[in-house]
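Here's the structure we're looking at; comments come further down.
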Amino acid sequence: MRLSKFFGQTLREAPSESDSASSQMLVRAGYVRQLAAGLYSYLPLAHRSLRKIEQILREEMDAIGGQEMCMPVVHPAEIWQESGRWYEIGDEMGRFQDRKGRELVLAMTHEEVVTSLCKSEIRSYRQLPQMVYHIQTKFRDEPRARGGLIRVREFVMKDSYTLDKDFEGLQSQYEAHYDAYHRIGARLGLNLVAVQSDPGMMGGKVAHEFMYISPVGEDSLAICEETGYASNLDVANFQKIPEPASAPEPLTRVHTPGQSTIAKVADFCGVTTRQTGKMVFYMGDFGPEDPSRLIAACVRGDMEINELQLRYAAKAQALRPAEAEEITAAGCVPGYASMCDIDRTKALLVVDDLIPESTNLIVGANERDWHYTGANYGRDFTADVIAPIALAYDGAPDPIDGKPLQVVRGIEVGNIFQLGTRYSSSMGATYTDEDGEGFPIVMGSYGIGVGRALACVAEEYSDEYGMDLPISVAPYQVILVSLGREGEVHEAAETLYHELLAAGIEVLYDDRAVSPGIKFADADLRGIPLRCTVSSRSLKRGGAEFGRRRSKDLAILPLGDAVEQIQAGITECFNVLNRRLEDLPTWASRSE
RNA sequence: CGGGGCGUAGCUCAGCCCGGUAGAGCGCUGCGUUUGGGACGCAGAAGUCGUCGGUUCAAAUCCGGCCGCCCCGACCA
């Protein structure tokens, strides 16, 4: 392709629409343009990169037995009503009506369609297992799109679905995806970390997210490089080590004027926060039948609440922090709330499992400026629920070997999910087994965001001059820069361009009538990994210059075998990338 | 949905406080000179100042509503 005819300009300055490195670079380099919040156009450069990512996804899905198909973006409401998600999901689902007033849904994902296909296509255990996938547009009306391409409202996702007669089959296809996703990450030049994740209220027990570790990520992860433990912070476990037990002291009221926070109280009493108990209040939504109720959560003073685990422990559908009035209404004093004096008819008390193992805690006395010392579980208070509701933290002992966990941020590139029979049961997708008996199909679903993967690659491979994309993802393999508009330089560049095209090399040819500085700056920005320059200087030195983007170490290629050497350079780039395929994590090698 | 910021030429922004004929740099068009890291000269085109309303002799500027975009939080099948 000739840059003189190319659609999509580079920008000297980044538009002020987002501030993550990846989206600024992708905008500046002429890959994407924003149409509205969370809606992007993909210009020719991005489109070529996305097609390459999709091709890698195809190859890896096909390699584990996937069959590619394509399902619609617009669905009738009925299938979402059958699965129940029509009612469970709120404004995030795009809904509209056709001309007859029939309710339609924009696909957020395709479990419902796959399940409905199962009803027509799968009858017998003989037809199982199956793995189907497609690469298709999704729409999720995110309350807040952010981070450029990292969180958008319309996006393309590779989603695959497995169908099995039992959980053993599901497990095997799940493991195949686990390994394939690591291979995909490697081929994209990304280190993906598989972390345990929240299976949600979906019925399954096992789910993993494939994370690209980055400070701009939206998810927090707890990982331990030594033991290999890796988990979304939402579901991270850690070893809880109680303070050394001491003989029970009497529960004693002490005057603590103005000491309304844990840090102040501990300081005031001359103890560490580990010797205190902390109360945090939430309003829990328990569904339409049950009015929302106050939840009092108690963790040791040095720890924070894991809201997801609290929600599960309280069996609530949703939580939000309680307002001061709601706390007061239950007879509790904010800042001095006490698990000893709480009215359990007005609040559900959930305590972390470390609390019963802790002795002589300092806790609120439920009166302004007063605390108790010597609070002990069982004698001074009991709970409605005891559950692990404390949030893992940086440095917490990991659950495998007690080595310190690290809390880092990550971007979720992919996820794999054991659905079980959540959809097949509610929608009636069954197969007949050997004995002629009907059973719901056991399903799994597995996604990878194509555009998000590109954003992560751009994030990883950017510098102050632009992007330096892995050759597997770069829209072109080589940029050919001609520094001459006529005469022998022009002739030599034109000839080389046609030879490269004829050899099947993906070449972007900068034949524009602009200054060399602009050509080099644009070449750096666009992120094409290899550059070949033809100029009067290079011809004097014996041919064309060739090397990695921005490298000072340039080879002079005689024009006669330039194509061959450029081909060799491309192969070398792929070789570098392919080394990432060695020693990849696999399901069998993981340590959870 | 809560908090904050922004909306002026294709892009980045100034002008707004203190009302009085709309600006700069980059980009774009033409001509000429240039050609190894974002060249130079000359000439030129380009903006309903997000939108609606109010105040005023007069509004980009002051006031109010709405819309859009960005950031933080809530939310995230």
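The values are calculated or read from the model by the stated rules, or taken from the named source; none is laboratory data. Since this is a predicted model, take the numbers as computed values, not measurements. All Cβ positions, even for glycine, are placed from backbone atoms using ideal geometry, and neighbour counts span all protein chains on display. All accessible areas refer to the heavy atoms of the entire protein, side chains included, with ligands and DNA or RNA removed. Shrake-Rupley method; radii C 1.70, N 1.55, O 1.52, S 1.80 Å.
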Check A:Ile56 against each of (1) more than 16 Å from RNA strand B (Cβ to nearest atom); (2) among the β-branched types (Val, Ile, Thr); (3) open to solvent by 20 Å² or more (accessible area, probe 1.4 Å) and name the one condition it does not meet. (3)
Qualifying residue in segment A:239-251 (condition: closer than 30 Å to A:Pro529 by Cβ and touching a Pro at 6+ places or on another chain (Cβ under 8 Å)): no
Does segment A:516-557 hold any residues that are assigned to a loop (DSSP other than H, G, I, E, B) and near RNA strand B (Cβ under 7 Å from one of its atoms), and which are they? A:Ser535, A:Arg550, A:Leu554
For A:Ser124: the one exception among (1) surrounded by fewer than 16 Cβ atoms within 10 Å (Cβ to Cβ); (2) in contact (Cβ under 8 Å) with a residue 40 or more places away in the chain; (3) not assigned by TED's automatic domain parsing to the domain that holds A:Gly451: (3)
Per the list (1) assigned to a helix (DSSP H, G or I); (2) in contact (Cβ under 8 Å) with a residue 24 or more places away in the chain; (3) acidic (Asp, Glu), residue check on A:Glu142 breaks on (1)
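Conditions (1) in contact (Cβ under 8 Å) with a residue 60 or more places away in the chain; (2) open to solvent by less than 20 Å² (accessible area, probe 1.4 Å); (3) over 21 Å from the mean Cα position of the chain (by Cα), marked per residue:
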position	(1), (2), (3)
A:Ser49	yes, yes, no
A:Glu60	yes, yes, no
A:Pro72	no, no, yes
A:Ala77	no, yes, yes
A:Ser83	yes, yes, yes
A:Lys100	no, no, yes
A:Val132	yes, no, yes
Scan segment A:1-35 residue by residue and report those that are open to solvent by 40 Å² or more (accessible area, probe 1.4 Å) and not in a loop (DSSP other than H, G, I, E, B). A:Arg2, A:Ser4, A:Lys5, A:Ala21, A:Gln24, A:Arg28, A:Arg33, A:Gln34, A:Leu35
Any chance A:Lys165 is modelled with pLDDT of 95 or more and within 30 Å of A:Lys119 (Cβ to Cβ): yes
Per the filter on segment A:463-502, residues surrounded by 21 or more Cβ atoms within 10 Å (Cβ to Cβ) and within 19 Å of A:Ile518 (Cα to Cα) are A:Gly466, A:Met467, A:Tyr476, A:Val478, A:Ile479, A:Leu480, A:Val481, A:Ser482, A:Ala493
Under 6 Å between Cβ atoms, which residue pairs at least 6 apart in sequence (or on different chains) link something in segment A:531-552 that is among the hydroxyl-bearing types (Ser, Thr, Tyr) with a partner that is part of a strand (DSSP E or B)? A:Thr533/A:Val481; A:Thr533/A:Glu545; A:Ser538/A:Ala544; A:Ser538/A:Glu545
Is there a residue being within 14 Å of RNA strand B (Cβ to nearest atom) and open to solvent by 40 Å² or more (accessible area, probe 1.4 Å) anywhere in segment A:38-47? yes
Which condition from (1) surrounded by 20 or more Cβ atoms within 10 Å (Cβ to Cβ); (2) in contact with a strand residue (DSSP E or B) (Cβ under 6 Å, 6 or more places away or on another chain) is the one that A:Asp398 breaks? (2)
Options A:Ser358, A:Ser426; residue that is of a type in the set (Gly, Ala, Ser) and under 33 Å from the mean Cα position of the chain (by Cα): A:Ser426
Just wondering, is there one or more residues in segment A:225-248 that are surrounded by fewer than 18 Cβ atoms within 10 Å (Cβ to Cβ), in contact with a strand residue (DSSP E or B) (Cβ under 6 Å, 6 or more places away or on another chain) and in a loop (DSSP other than H, G, I, E, B)? yes
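Every residue, every condition in (1) in a loop (DSSP other than H, G, I, E, B); (2) open to solvent by less than 40 Å² (accessible area, probe 1.4 Å); (3) not assigned by TED's automatic domain parsing to the domain that holds A:Gln275, yes or no:
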residue: A:Ser338; (1), (2), (3): yes, yes, no
residue: A:Ile342; (1), (2), (3): yes, yes, no
residue: A:Thr345; (1), (2), (3): yes, no, no
residue: A:Leu349; (1), (2), (3): no, yes, no
residue: A:Asn366; (1), (2), (3): no, yes, no
residue: A:Tyr372; (1), (2), (3): no, yes, no
residue: A:Ala383; (1), (2), (3): yes, yes, no
